[in-house]
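Trainee: Below you'll find the structure I mean.
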Amino acid sequence: MPERPQPCRYCFLVPWKIEAFRRSVGGLSPASIRAYSSDAQRFAEWAGRGGAQGPGDVDRIMLRRYLAFMATRRYSKATISRTAASLRSYFQWCTRRGLITTDPSARLSAPSPDSRLPRVLGHAELQQLLEPGAGAAGTADTRPEVARRDDAVLELLYGSGMRVAELCGLD
């Protein structure tokens, strides 16, 4: 007797069209595309356990319950906020594609992520950093061109608030 093929673990997601949504998301980094599609898939799995057969069975209350569920599971505010953005994007896409008639994610709010501001240098630290002859990070290089470059880099970073990665990307 031939062996029966195992059913697809994610076959119930077909009405949700998560893979088509993933392919449609453009202009974002690969990591953002992965995050948006996996957020939509996790929601679809969660909603499916609650009886939703597809995006047409979802209302705003269900979306709010999902975000509250994430909060009870101690997801960070940033993750919950990104998930809300992912779901808004997904349901807008569903509306444009005609999969649903009204967007349940309209006016869906999420908590603001905690701000992570960098620590600002104190006067003494800044003075020590910019002191003539100290060089960048205390290097012992005494060539004047290196010292001028290091001073320019430090002044640019401190004066503009530019990130080091942004500075490294400059030509």
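The values are calculated or read from the model by the stated rules, or taken from the named source; none is laboratory data. Computed from a predicted structure; not experimentally measured. Every residue, glycine as well, gets a Cβ built from its backbone with ideal geometry; the counts of neighbours run over all protein chains shown. SASA here: full protein model, heavy atoms, side chains in, ligands and nucleic acids out. Shrake-Rupley method; radii C 1.70, N 1.55, O 1.52, S 1.80 Å.
Trainee: If you check residue 139 against the conditions, is it at pLDDT 90 or above and either open to solvent by 60 Å² or more (accessible area, probe 1.4 Å) or out of contact with any helix residue (DSSP H, G or I) (no Cβ under 8 Å at 6 or more places or on another chain) (or both)?
Mentor: Criteria not met by residue 139.
Trainee: Can you tell me which residue within the range 36-75, out of those that are in contact (Cβ under 8 Å) with a residue 40 or more places away in the chain, more than 20 Å from the chain's Cα centre (by Cα) and assigned to a helix (DSSP H, G or I), is nearest to residue 104 (Cα to Cα)?
Mentor: 60
Trainee: On to the next question. Is it fair to say residue 95 is among the polar types (S, T, N, Q) and more than 27 Å from the chain's Cα centre (by Cα)?
Mentor: Spelling it out, it is not the case that residue 95 is among the polar types (S, T, N, Q) and more than 27 Å from the chain's Cα centre (by Cα).
Trainee: On to the next question. From 40, 52, 47, 31, grab the single residue that is hydrophobic (A, V, I, L, M, F, W, C) and more than 19 Å from residue 99 (Cβ to Cβ).
Mentor: Just one listed residue meets the conditions, 31.
Trainee: Considering every residue within the range 81-90, establish whether at least one is assigned to a loop (DSSP other than H, G, I, E, B) and either among the polar types (S, T, N, Q) or at pLDDT 95 or above (or both).
Mentor: no
Trainee: Could you tell me which residue of the range 57-80 is surrounded by the fewest Cβ atoms within 10 Å (Cβ to Cβ), considering only residues that are aromatic (Phe, Trp, Tyr) and either in contact with a helix residue (DSSP H, G or I) (Cβ under 6 Å, 6 or more places away or on another chain) or at pLDDT 95 or above (or both)? Steps first, please.
Mentor: Taking the range 57-80 as the starting set, the residues that turn out to be aromatic (Phe, Trp, Tyr) are 66, 69, 75.
Imposing the further condition that a residue be either in contact with a helix residue (DSSP H, G or I) (Cβ under 6 Å, 6 or more places away or on another chain) or at pLDDT 95 or above (or both) reduces the set to 66, 69.
On the way: 66: 21, 69: 13.
Of everything passing the filter in the range 57-80, 69 is surrounded by the fewest Cβ atoms within 10 Å (Cβ to Cβ).
Trainee: Looking at (1) closer than 30 Å to residue 67 by Cβ; (2) modelled with pLDDT of 75 or more, which is the only condition residue 146 fails?
Mentor: Evaluating residue 146 over (1) closer than 30 Å to residue 67 by Cβ; (2) modelled with pLDDT of 75 or more leaves (1) as the failure.
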